[in-house]
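Data block below; observations after.
The values are calculated or read from the model by the stated rules, or taken from the named source; none is laboratory data. Values in this document were obtained by computation on a predicted structure and should not be read as measured data. Cβ placement follows ideal geometry from the backbone for every residue including glycine, while neighbour counts extend to all protein chains displayed.
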Amino acid sequence: MLQKFDPRNRDLLVNVNGALVHRDQAGISPFDSAVQGGDAVWEGLRVYDGRVFKLDEHLQRLHNSARALAFQQIPSSEAITEEIRRTLRANGMRDGVHIRLTLTRGVKYTSGMDPRLNTAGPTLIVLAEWKAPVYEEHASRGGLKLITSSVRRFPPDCLDPKIHHANLAQSILAKIEANNAGADDAVMLDARGFVAETNATHLFLVKDGVVETPRTVACPEGITRATVLELCAQHAIPHQVRDLSLMEFYRADEVFCTGTMGELAWVGQVDGRPIGAGALGPVTSRLLELFRACVARNGTAIA
């Protein structure tokens, strides 16, 4: 799965610490912590008809991750929201937009990993792009094709995945394996051999009408994932959260993945094994309808 360039993004204005500049002129210092060591936290947001879906939840997760990494200064949610608003207005954006929000520890006064070298405060980057759900085209052509990566997700005693940090080396290595195998994405297991997530999304399966998803032991606390579980509870769809093995995904009736950038997308194949009837299943279809209705009426008005 390779994202295509959208010509509407050719002249984007990017917000770096409040300065709105053309994408070709935007930049951060080589002394910034994101450059020095991937020392940053991030969120992906979606804009629907002038509203950012689950904005409060995303900003709370950003704040929690920054606190866990002991950032000395964290902008308020109100300040970040205002910069998002300025960026969307400057680009004339109201719908069909994905935002990559990044907060770094900031610029160091000399190169090195020690956070005490950071005295200038954090760097906030708001990157808004015209971007449809990235799996739409592939989902319409037989569902996503996944392979299992050899790269394992860290357990909490190695690097807690509840810190939504910007060091994505594990995910990149897994994505390279997927690319080399001609797959869309890669399933990643935890250190015990249970399914954690993919390199980019959370995973769900459906078996005998029950929706199941792995525990967030070796993966982030996904906001789209949580929304799907909320929809299941609200609409009396049986569901549970537990450890799941690859075998359970192989024999599932339906499999789908979730994430802000791709919303809900059904999976047609895992490790060469067709899933269920090889078509978009009824439970996944129902949840997709419920999700679209949810984002159409909820969100923080911002653009």
Exercise for the section: Answer with yes or no whether Gly278 is at pLDDT below 95 and farther than 23 Å from Glu177 by Cβ. Expected result: yes
Practice task
Check Leu101, Leu117, Leu144 and return the single one that is without any contact (Cβ under 8 Å) to a residue 12 or more places away in the chain, in contact with a strand residue (DSSP E or B) (Cβ under 8 Å, 6 or more places away or on another chain) and of a type in the set (A, V, I, L, M, F, W, C).
Solution key: Leu117
Exercise for the section: Of all residues in the range 83-100, count the ones that are surrounded by 15 or more Cβ atoms within 10 Å (Cβ to Cβ) and among the acidic types (Asp, Glu). Expected result: 1
Exercise for the section: Select from the range 226-269 the residues that are more than 30 Å from Phe53 (Cα to Cα) and in contact (Cβ under 8 Å) with a residue 60 or more places away in the chain and list them in ascending order. Expected result: Leu246
Exercise for the section: Name, by its number, the condition in (1) modelled with pLDDT under 95; (2) within 15 Å of Leu127 (Cα to Cα); (3) outside any loop (DSSP other than H, G, I, E, B) that does not hold for Thr87. Expected result: (1)
Handout entry: Index of the failed condition, Gln72 passing every other in (1) touching a helix residue (DSSP H, G or I) at 6+ places or on another chain (Cβ under 9 Å); (2) in the same structural domain as Val126 (by TED's automatic domain parsing); (3) within 30 Å of Phe291 (Cβ to Cβ)
Key = (3)
Problem - Qualifying residues in the range 230-282 (those that are of a type in the set (Val, Ile, Thr) and touching a Phe, Trp or Tyr at 6+ places or on another chain (Cβ under 9 Å)) - the one surrounded by the most Cβ atoms within 10 Å (Cβ to Cβ) - result: Val267
Problem - The listed residue being farther than 29 Å from Cys219 by Cβ and either at pLDDT 95 or above or charged (D, E, K, R) (or both), out of Asp39, Asp56, Asp24, Asp32 - result: Asp24
Problem - Any hit, the range 106-128, residues being acidic (Asp, Glu) and more than 26 Å from Gly44 (Cα to Cα) - result: yes
Exercise for the section: Tell me, please, whether a residue that is small (Gly, Ala, Ser), surrounded by 14 or more Cβ atoms within 10 Å (Cβ to Cβ) and touching a residue at least 24 places away in the same chain (Cβ under 8 Å) can be found in the range 74-82. Expected result: no
Handout entry: Among (1) at pLDDT below 95; (2) part of a strand (DSSP E or B), the one test that His98 misses
Key = (1)
Handout entry: Ile147 vs. criteria closer than 21 Å to Thr260 by Cβ, hydrophobic (A, V, I, L, M, F, W, C) and at pLDDT 95 or above
Key = no
Completion exercise
So, first residue in contact (Cβ under 8 Å) with a residue 24 or more places away in the chain and within 30 Å of Gly121 (Cβ to Cβ) in the range 1-17, second residue part of a loop (DSSP other than H, G, I, E, B) and of a type outside the set (A, V, I, L, M, F, W, C), Cβ within less than 7 Å, six or more apart or across chains; the pairs are Leu12/Arg23; Val14/Arg23
